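Only one structure is covered here, and it is reproduced in the block below.
The values are calculated or read from the model by the stated rules, or taken from the named source; none is laboratory data. What you are looking at is a predicted structure, and each value in this text was computed from that prediction instead of being measured. Positions of Cβ are generated from backbone atoms using ideal geometry, with glycine treated the same way; all protein chains shown enter the neighbour counts.
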Amino acid sequence: MALLEVENLSVEYRSSSGSVRALTKVSFTLDEAEVLGVVGESGSGKSTLALALSGLLDHSATLRADKIVFMGIDLLSNIESVRGTGVFMVFQDPFSSLNPLMKIKHQIFEAIKVRCKRLGESFSQEEAKKEALELLKEVRIADPEDVLERYPHQLSGGQQQRVMIAMALAERPKLLIADEPTTALDVITQAQVLSIFKEVVKRRRMSMIFITHDLAVASQICDRIIVLYGGMIQEVGLAEEVLKEPKHPYTMGLIGSIPYKSKEEGALTSIKGFFSHGVEGCVFSPRCAFAREECKKGVPKLNRVNGRLVRCINYGKDYE
Amino acid sequence: MNEQFLVVKDVVKSFTVGKRSLLERILRKKVQTFNAVDHVSLSANKGETVAIVGESGSGKTTLGRLIVGLEKPDAGDILVDGKRVEYIAQRPENRGRLQMVFQDPSSSLDPYMSVEECVSEPIAKSALKKEEIKQKVVEALRLTGLDSSVLKRRTRELSGGQKQRVAIARAIVSDPQLIVLDEPTSALDVSIQAQILNLLVELQKLKRFTYVLITHDVKVARYLADSIAVMYLGKLVEHGPVKEVLSQPLHPYTQALIEAAPKIGAHSQVSVEGEPPSFLRLPKGCRYEPRCKFAMEVCKTQYPPETFVKNRRVWCYLYSA
């Protein structure tokens, strides 16, 4: 059974200059112990998706959906009930997620306390300390005793992100939503943190929604990938297949844009232009290398092609 | 070998740590300093790109700022076309000969300025007439793929990719000899990154600009650079032609850096554990020794000497015979 089911999720932001649609009718399911990658560029709506699922959208946003069901709980009516306990979110910048005035120790204790309250366990300082040390070891912090006594600013970016993962684990969530968790880190640290994510998700049979703009990072950790563009799902499929043989022109362009050669070998294939709102028909058509008249007629339906979903009229001429 | 266009000779730049309190100043307590750039030498030919690659805190940006004269070196020389950078930077007639493009165009461009004001700024004080300046601005914008309809727009109204194009136009409008590109694409989306990289290569072919590319991304360096210098904690660890260094890295740190970069279709390895030490607690010998899997006794005592392996320089006892 699916852990999370989302049907026709749309989010709109209101501002003084009118409203902008960040997500349009996004539907997907997530299985237990599955890692789902959400790949997209800025403005694709990927962060909005993360915020919507953890109930952290701000007041200027309106959420509409036919169904968001997580572990049998209807999130549309009571999203607060799962945040932090069933769903935990890890953000891009760990330093702004941690409280700068609290020692790491107390921040992890707080997470443990919340869990104890939820599960009706009793909380004791000594037990909590033991557990905190275990958690820090699990995220491969070399000197956990020392780190517990420190303040966030005394830690490196990689250590801060590990502490965030440790706090997530303290809550024992079923679903981890990670929004660009390695983007602010250096390459070597990024590889380390990615491998920690991979390990803990596998060991604890957690599900994860991993949001990133970097296809190469997504390929390291995801089972399945959703490609978002302009707030709409453009392609869904197994990570390996999508990356090896992309079907949507946008996915193709994204993969082609990654520089894997030298300048002597010629120009990079790039996607022309830039993202703009208010496009008629297929949102990607103004930048698409294969765009035709028909693309402007309407928004193409998500077509099923060999176990994959692709929103492009090259794979079926139905419109929504 | 003919004369190199850019020569960085044994450059040192140190920064002080924190501030001394009044009492500490009265007691003449010594200021703690560290070398962000520590005896670095490199060179590049005209019309070529040298990439400086490293992680945050490696000193790569400081080196870039030294090369355009935004910082003064504490020791050593930086020569561009045979002239010292401080000399070039001081002379009004040389204004704009050295240029820099920064990582984040949203913060390097004034959001309230129009594109025209922004791009013309480097040549506004020159002896050129108004029409000539305008002509140059339009030409620079054309070269960067923007048409003159953007002239009157404010830079904050533009998209990220367009802003970076304006930043590049601003850098090339003064006919520079050398441009330091500090992470020119890392704030941009992948699809826009490819556009900007293509643009930079086209401009270099057309105008024979010499680029100093500062990046943490090995892929960007591979595409844009002719030679590559890898920095770790203020020191060079390896320097050589980009193809050779990236296909067959010699220094263990270069190897780790390349292995850690995620690639589609191949699982990257955790190449090294741990993180670089602080500048204030540097190891006595090789700075990479505490994390290096090949570390030997000798690595702990002294920084390895410069060793030539074919046309490459590497600082590692594995190669110093």
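Just to be sure, is A:Ile141 aliphatic (A, V, I, L, M) and under 21 Å from A:Ser195 (Cβ atoms)?
When the stated conditions are applied, A:Ile141 passes them.
Identify all residues within the stretch B:169-202 that are assigned to a loop (DSSP other than H, G, I, E, B) and modelled with pLDDT of 90 or more; write none if there are none. Working first, answer last.
Narrowing the stretch B:169-202 to residues assigned to a loop (DSSP other than H, G, I, E, B): B:173-177, B:183-189.
Listed by number, the residues that qualify are B:Val173, B:Ser174, B:Asp175, B:Pro176, B:Gln177, B:Glu183, B:Pro184, B:Thr185.
Mind checking whether some residue in the stretch A:152-171 is crowded, with 20+ Cβ neighbours inside 10 Å and farther than 26 Å from A:Glu134 by Cβ?
Within the stretch A:152-171, none of the residues are crowded, with 20+ Cβ neighbours inside 10 Å and farther than 26 Å from A:Glu134 by Cβ.
In the stretch A:172-184, which residues are buried (at least 24 other Cβ atoms within 10 Å of the Cβ) and either within 13 Å of chain B (Cβ to nearest Cβ) or part of a helix (DSSP H, G or I) (or both)?
First, pick out the residues of the stretch A:172-184 that are buried (at least 24 other Cβ atoms within 10 Å of the Cβ): A:176-178, A:181-182.
Matches in the stretch A:172-184: A:Thr182 only.
I need every pair where a residue in the stretch A:39-54 that is within 14 Å of A:Tyr229 (Cβ to Cβ) and buried (at least 24 other Cβ atoms within 10 Å of the Cβ) has its Cβ under 7 Å from the Cβ of a residue that is among the basic types (Lys, Arg) and at pLDDT 90 or above, sequence separation at least 6 or different chains.
A:Gly40/A:Lys46
Among the residues in the stretch B:279-299, are any assigned to a loop (DSSP other than H, G, I, E, B), of a type outside the set (Gly, Ala, Ser), touching a Leu at 6+ places or on another chain (Cβ under 8 Å) and modelled with pLDDT under 90?
yes
What pairs come up if the first residue lies in the stretch B:33-44 and is free of Cβ contacts under 8 Å to residues at least 60 places away in the same chain, the second is aliphatic (A, V, I, L, M) and part of a strand (DSSP E or B), and their beta carbons are under 7 Å apart, counting only those six or more places apart or on different chains?
B:Ser43/B:Leu6; B:Ser43/B:Val7; B:Ser43/B:Val8
Limited to the stretch A:283-300, what total is found for residues that are away from every other protein chain (no Cβ under 14 Å) and more than 22 Å from A:Tyr13 (Cβ to Cβ)?
Here the count works out to 11.
Search the stretch A:243-270 for residues being facing chain B (nearest Cβ under 7 Å), in a loop (DSSP other than H, G, I, E, B) and of a type in the set (Gly, Ala, Ser), and hand back the single one that is nearest to A:Gly37 (Cα to Cα).
The extreme case among them is A:Ser257.
Taking the stretch A:9-38, which residues are within 14 Å of another protein chain (Cβ to nearest Cβ) and loosely packed, with under 15 Cβ neighbours inside 10 Å?
The one that is within 14 Å of another protein chain (Cβ to nearest Cβ) and loosely packed, with under 15 Cβ neighbours inside 10 Å: A:Ser17.
Filter the stretch B:223-256 for residues that are under 20 Å from B:Asn198 (Cα atoms) and either surrounded by fewer than 22 Cβ atoms within 10 Å (Cβ to Cβ) or among the acidic types (Asp, Glu) (or both); which is farthest from the other protein chains (Cβ to nearest Cβ)? Lay out the reasoning, then the answer.
Residues of the stretch B:223-256 under 20 Å from B:Asn198 (Cα atoms): B:223-228, B:242-243.
Next, from what is left, pick out any that are either surrounded by fewer than 22 Cβ atoms within 10 Å (Cβ to Cβ) or among the acidic types (Asp, Glu) (or both): B:226, B:243.
Working: B:Asp226: 9, B:Lys243: 7 Å.
This residue is B:Asp226.
Which of the numbered conditions does B:Arg154 fail, given that it passes all the others? Conditions: (1) farther than 22 Å from B:Leu197 by Cβ; (2) without any contact (Cβ under 8 Å) to a residue 12 or more places away in the chain.
(2)
Within the stretch A:234-289, can you find the residues that are aliphatic (A, V, I, L, M), surrounded by fewer than 17 Cβ atoms within 10 Å (Cβ to Cβ) and at pLDDT below 95?
If the condition is that a residue be aliphatic (A, V, I, L, M), surrounded by fewer than 17 Cβ atoms within 10 Å (Cβ to Cβ) and at pLDDT below 95, then A:Ala267, A:Val279, A:Ala289 are the ones that fit.
List pairs: first residue in the stretch B:280-291 and in contact (Cβ under 8 Å) with a residue 12 or more places away in the chain, second residue polar (S, T, N, Q) anywhere in the structure, Cβ distance under 6 angstrom, at least six positions apart or on different chains.
Between residues of the stretch B:280-291 that are in contact (Cβ under 8 Å) with a residue 12 or more places away in the chain and residues that are polar (S, T, N, Q), the close pairs are B:Gly285/B:Thr301; B:Gly285/B:Gln302.
Quick test of your reading of the structure: B:Leu146 fulfils all but one of (1) more than 10 Å from every other protein chain (Cβ to nearest Cβ); (2) part of a helix (DSSP H, G or I); (3) more than 26 Å from B:Arg65 (Cβ to Cβ). Name the failing condition by number.
Condition not satisfied by B:Leu146: (2).
On the basis of being over 20 Å from B:Gly59 (Cβ atoms), within 13 Å of chain A (Cβ to nearest Cβ), touching a residue at least 60 places away in the same chain (Cβ under 8 Å) and surrounded by fewer than 20 Cβ atoms within 10 Å (Cβ to Cβ), does B:Glu259 make the cut?
No, not satisfied.
Going by the structure shown, is B:Pro277 of a type outside the set (A, V, I, L, M, F, W, C) and within 11 Å of chain A (Cβ to nearest Cβ)?
Numbers: of a type outside the set (A, V, I, L, M, F, W, C): yes; within 11 Å of chain A (Cβ to nearest Cβ): yes.
In short, yes.
Within the stretch B:72-89, take every residue that is modelled with pLDDT of 80 or more, surrounded by fewer than 18 Cβ atoms within 10 Å (Cβ to Cβ) and part of a helix (DSSP H, G or I) and give me the one that is nearest to the chain's Cα centre (by Cα).
Our first condition is that a residue be modelled with pLDDT of 80 or more; within the stretch B:72-89, this holds for B:72-88.
Now narrow it down to the ones that are surrounded by fewer than 18 Cβ atoms within 10 Å (Cβ to Cβ): B:72, B:74-77, B:81-84, B:86-87.
From what's left, part of a helix (DSSP H, G or I): B:86-87.
Values: B:Glu86: 18, B:Tyr87: 20 Å.
The selected residue is B:Glu86.
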